[in-house]
Amino acid sequence: MKPTYEELEAECAALNKFKTAVYQQMDVGCEAPVFAITVGIGNLRRFADTLHAVEREFFTREVPDEENEDETVEQCPMHWGMSVEEYVHAFGKSLSEVRAQGAEGFIAFCGEENSVFVESKAYYRSLPDAVAEFAAQLRQEAQ
């Protein structure tokens, strides 16, 4: 059975309402070509997937499971339910933790009781020399 004119008109109005809502979310005028919207949605999806991958790779940690103390769960301090301000704040705290772990890594690099300075004074002329070498090693690991 073919739809009536009124049914087609109602469906067209609903589609236009949906299109207008999408265009408003994309912050473009209703005269923008449809391909621009589909490209924009694709870019949004790629950005979200990329950000999620960064969160998983660099900020997600295993923590004790509150419900089962013999198990762990993966947890990321940032999540999509946060406001932009909360997310940025949590991201900054996470970056601070990464920097702190780098400082702890430098302690390990120096060895027991800073023996690297005691045993090999000829190798490191100064603390900045040791820090520079440690930073170079970190950069090389990232490549």
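The values are calculated or read from the model by the stated rules, or taken from the named source; none is laboratory data. These figures come from a predicted structure and were not determined experimentally. Note that we place each Cβ from the backbone using ideal geometry, even for glycine, and neighbour counts take in every protein chain shown. Accessible surface areas use protein heavy atoms only, side chains included; no ligands, DNA or RNA. Shrake-Rupley method; radii C 1.70, N 1.55, O 1.52, S 1.80 Å.
Side notes on the structure shown:
- Dipole magnitude for the stretch 59-114: about 560 debye, using +1 per Lys or Arg Cβ and -1 per Asp or Glu Cβ, origin at the Cα centre.
- Taking 17 Å as the cut-off, the amide N atoms of the stretch 6-20 that come nearer than this to a point 7 Å along the Cα-to-beta-carbon line of A36 belong to 19-20.
- GluC sites (Glu not before Pro) within the stretch 1-90: DSSP coil, no more than 15 neighbouring Cβ in 10 Å: E31, E66, E67, E69, E71
- Relative to the longest principal axis of the Cα atoms of the chain, the long axis of helix 34-54 lies at roughly 30 degrees.
- Distance between modelled label sites at V63 and Q75, nm, 7 Å Cα→Cβ extension: 0.2 nm
- Using R0 = 25 Å, the C-beta based FRET efficiency linking R45 and A13 works out to 0.35.
- Translational diffusion of the chain, estimated by Stokes-Einstein from the Kirkwood radius over alpha carbon pairs at 10 °C in a medium of 1.306 mPa s, is 75 µm² per second.
- Of the chymotrypsin sites (Phe, Trp or Tyr not before Pro) found in the stretch 1-110, those that fall in a DSSP loop while having at most 15 other beta-carbon atoms within 10 Å are W80.
- Theoretical ellipticity at 222 nm over the chain - DSSP helices of four or more residues, -39500 (n - 2.57) apiece, nearest 500: -21500 deg cm²/dmol
- Sulfur and carbon atoms: percent of accessible area, the stretch 5-99 [1.4 Å]: 58 percent
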